[in-house]
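Peer 1: Please find one structure pasted underneath; my questions will follow.
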Amino acid sequence: MGEPLRVLLVEDSEDDSTLLGLELRRGGYSPEVRRVETEEAMLSALVEGKWDIAIVDYSLPRFSALAALTLIRDSRLDLPVILVSGTVGEEAGAEAMQRGAADFVPKTNLSRLVPAVKRQLKYAADHRGWLQAERDLDLITRQFATTAAHELRTPLTTIKLQAHLLRNAKNGTLTPAQERSLEILSRSVDRLGDVVEKLVTVTLIQSGRFTILPRTLDLSRLVSEVASSVEAPASRAGLALRANVEASLVCAGDARALRQALYNLLSNAIQFTPPGGEVVVRARRLTTEAVEVVVQDTGVGLRATDVDRLFQPFAQVEDPTRAAPSGSGLGLYITRALVEAHRGQVRLESPGPGQGTTAVIHIPIAGAPLPTQESPGLAPSGQTGDFT
């Protein structure tokens with residue numbers, strides 16, 4: 001009794017099918033072969049069966065090998081494919097490899113079939129092992145991030161409360177040095193708390209559990225409120241902050257999510273604009289179907305290669321004025337997820353390094369159909385963020 005092998009054979013010749021089966025038996029396999037020679041039969045086989053390997057004849061009168069390879073690729077099955085043929089030109093062979101053929105065996109030398117099968121089965125098993133290892137590592141990373149975030153929340157809240165009590169204590173007067181120390185402590189706790197909340201949000205996004213609760217929203221008021229909430233950090237950073245918000249803007253959205261998205265963009269603008277610079281936030285009706293929110297700064301700017309890269313998790317801006325990267329590198333990744341959850345779009349624009357950056361958000365107006373869902377894990381409004 002040989003090793004079981006489930007073979008999807010794309011072959012029009014019964015005689016060639018028999019020869020291939022005999023060769024596999026000689027190689028120590030006990031093949032279960034399903035022969036197909038039309039597109040309909042192959043689609044049915046891909047849906048119904050679980051195959052270890054596909055062997056495809058290049059020359060078929062009623063079906064092409066390239067079409068068969070495309071069907072296998074589009075099925076997204078982890079199925080190695082061996083091409084067999086009497087005559088295949090170099091150009092045709094190259095195209096077959098591009099369509100997903102992993103190996104080639106000439107019909108004039110079927111002794112190469114079993115070694116090719118063993119080789120491709122090993123490659124497939126290794127590939128599945130790598131994918132599983134990646135999934136396991138990803139799961140461990142998410143679980144660690146979630147656990148660490150939840151474990152940090154309680155002590156951070158305690159530290160923040162104690163700092164507040166010390167600052168407002170009536171049993172003594174704090175010296176200027178002590179006041180400064182408490183201020184540094186409070187802002188450091190706020191920064192760490194911001195990272196914790198972002199880790200929780202990222203975990204929800206990547207696990208597919210991140211959703212929103214859209215309602216008709218007064219966007220003019222929301223943008224003005226978020227701009228007001230960052231006036232103090234902007235002033236501490238030596239920046240001018242201006243808001244130009246068109247009245248009566250409405251959109252379909254989750255207030256917490258859009259507030260966090262805008263806060264993240266303003267946080268970045270303030271963080272990466274040198275003292276003496278300016279940050280401007282604008283909001284307007286773009287079309288009859290969308291509103292636009294823009295955050296523009298005169299800061300360090302971006303290279304063309306950074307524009308898309310910075311939306312990836314943990315991506316950092318290269319700031320020549322700082323010795324090391326600052327911030328969590330999660331703000332823009334979260335912002336994109338928040339905006340796209342509203343069926344909106346967000347992009348970055350910059351003329352180049354040292355020439356400032358513009359972040360642009362487009363959101364559908366109120367009345368646009370959005371799925372009504374709960375919105376767990378969003379960071380609360382009004383948090384201090386990554387400001388220094």
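The values are calculated or read from the model by the stated rules, or taken from the named source; none is laboratory data. Because the structure is a prediction, the values reported are computed rather than measured. Note that we place each Cβ from the backbone using ideal geometry, even for glycine, and neighbour counts take in every protein chain shown.
Peer 1: Report, by residue number, each residue of segment 244-270 that is more than 24 Å from the chain's Cα centre (by Cα) and either within 14 Å of residue 364 (Cβ to Cβ) or touching a residue at least 40 places away in the same chain (Cβ under 8 Å) (or both).
Peer 2: Within segment 244-270, 249, 250, 251, 270 meet the criteria.
Peer 1: Let me ask something additional. I'd like the full set of residues that are surrounded by fewer than 14 Cβ atoms within 10 Å (Cβ to Cβ), free of Cβ contacts under 8 Å to residues at least 60 places away in the same chain and outside any helix (DSSP H, G or I), limited to segment 7-31.
Peer 2: Once the filter is applied, which keeps residues that are surrounded by fewer than 14 Cβ atoms within 10 Å (Cβ to Cβ), free of Cβ contacts under 8 Å to residues at least 60 places away in the same chain and outside any helix (DSSP H, G or I), segment 7-31 yields only 30.
Peer 1: Also, I was wondering about something else. So is residue 77 outside any helix (DSSP H, G or I), assigned by TED's automatic domain parsing to the domain that holds residue 111 and within 35 Å of the chain's Cα centre (by Cα) or not?
Peer 2: So residue 77 passes the test.
Peer 1: With the condition kept exactly as written, say whether any residue in segment 260-272 is in contact with a strand residue (DSSP E or B) (Cβ under 6 Å, 6 or more places away or on another chain) and surrounded by fewer than 22 Cβ atoms within 10 Å (Cβ to Cβ).
Peer 2: No: segment 260-272 contains no residue that is in contact with a strand residue (DSSP E or B) (Cβ under 6 Å, 6 or more places away or on another chain) and surrounded by fewer than 22 Cβ atoms within 10 Å (Cβ to Cβ).
Peer 1: Going through 283, 290 one at a time, which residue ends up being surrounded by 19 or more Cβ atoms within 10 Å (Cβ to Cβ) and in the same structural domain as residue 347 (by TED's automatic domain parsing)?
Peer 2: 283
Peer 1: Going by the structure shown, is residue 207 farther than 20 Å from residue 288 by Cα, surrounded by fewer than 17 Cβ atoms within 10 Å (Cβ to Cβ) and at pLDDT below 95?
Peer 2: Here the answer is yes, as residue 207 does meet what is asked.
Peer 1: Okay, next question. Look through segment 154-197, keep the residues that are of a type in the set (Val, Ile, Thr) and under 30 Å from residue 330 (Cβ atoms), and return whichever of them is surrounded by the fewest Cβ atoms within 10 Å (Cβ to Cβ).
Peer 2: The extreme case among them is 154.
Peer 1: Related question: I need the full set of residues from segment 229-253 which are over 16 Å from residue 299 (Cα atoms) and either among the basic types (Lys, Arg) or in contact with a helix residue (DSSP H, G or I) (Cβ under 8 Å, 6 or more places away or on another chain) (or both), in order please.
Peer 2: 229, 230, 243, 245, 246, 247, 248, 249, 250, 251, 253
Peer 1: While we're here: Quick test for you: out of 370, 378, pick the one residue that is in contact with a His (Cβ under 7 Å, 6 or more places away or on another chain), assigned to a loop (DSSP other than H, G, I, E, B) and either modelled with pLDDT under 50 or among the hydroxyl-bearing types (Ser, Thr, Tyr) (or both).
Peer 2: Being in contact with a His (Cβ under 7 Å, 6 or more places away or on another chain), assigned to a loop (DSSP other than H, G, I, E, B) and either modelled with pLDDT under 50 or among the hydroxyl-bearing types (Ser, Thr, Tyr) (or both) holds for just one of 370, 378, which is 370.
Peer 1: Taking only segment 179-221 into account, find how many residues are β-branched (Val, Ile, Thr) and part of a loop (DSSP other than H, G, I, E, B).
Peer 2: 2
Peer 1: Could you tell me whether any residue of segment 38-50 is closer than 16 Å to residue 4 by Cβ, among the basic types (Lys, Arg) and either part of a loop (DSSP other than H, G, I, E, B) or more than 39 Å from the chain's Cα centre (by Cα) (or both)?
Peer 2: yes
Peer 1: Right, another one. Hey, among 240, 255, which residue is surrounded by 14 or more Cβ atoms within 10 Å (Cβ to Cβ) and either touching a strand residue (DSSP E or B) at 6+ places or on another chain (Cβ under 9 Å) or outside the structural domain of residue 360 (by TED's automatic domain parsing) (or both)?
Peer 2: Of 240, 255, the one residue that is surrounded by 14 or more Cβ atoms within 10 Å (Cβ to Cβ) and either touching a strand residue (DSSP E or B) at 6+ places or on another chain (Cβ under 9 Å) or outside the structural domain of residue 360 (by TED's automatic domain parsing) (or both) is 255.
Peer 1: So, one more: I'd like the residue in segment 333-362 that is among the aliphatic types (A, V, I, L, M) and at pLDDT below 90 and, out of all such residues, is nearest to residue 273 (Cα to Cα).
Peer 2: Of everything passing the filter in segment 333-362, 334 is nearest to residue 273 (Cα to Cα).
Peer 1: Output the residues belonging to segment 68-95 that are modelled with pLDDT under 70 and among the aliphatic types (A, V, I, L, M).
Peer 2: The answer is 88, 92, 94.
Peer 1: From the list 252, 247, pick out the single residue that is among the aliphatic types (A, V, I, L, M) and part of a loop (DSSP other than H, G, I, E, B).
Peer 2: Matching residue, one of 252, 247: 247.
Peer 1: So how many residues does segment 328-361 have that are of a type outside the set (Phe, Trp, Tyr) and within 27 Å of residue 203 (Cβ to Cβ)?
Peer 2: 22
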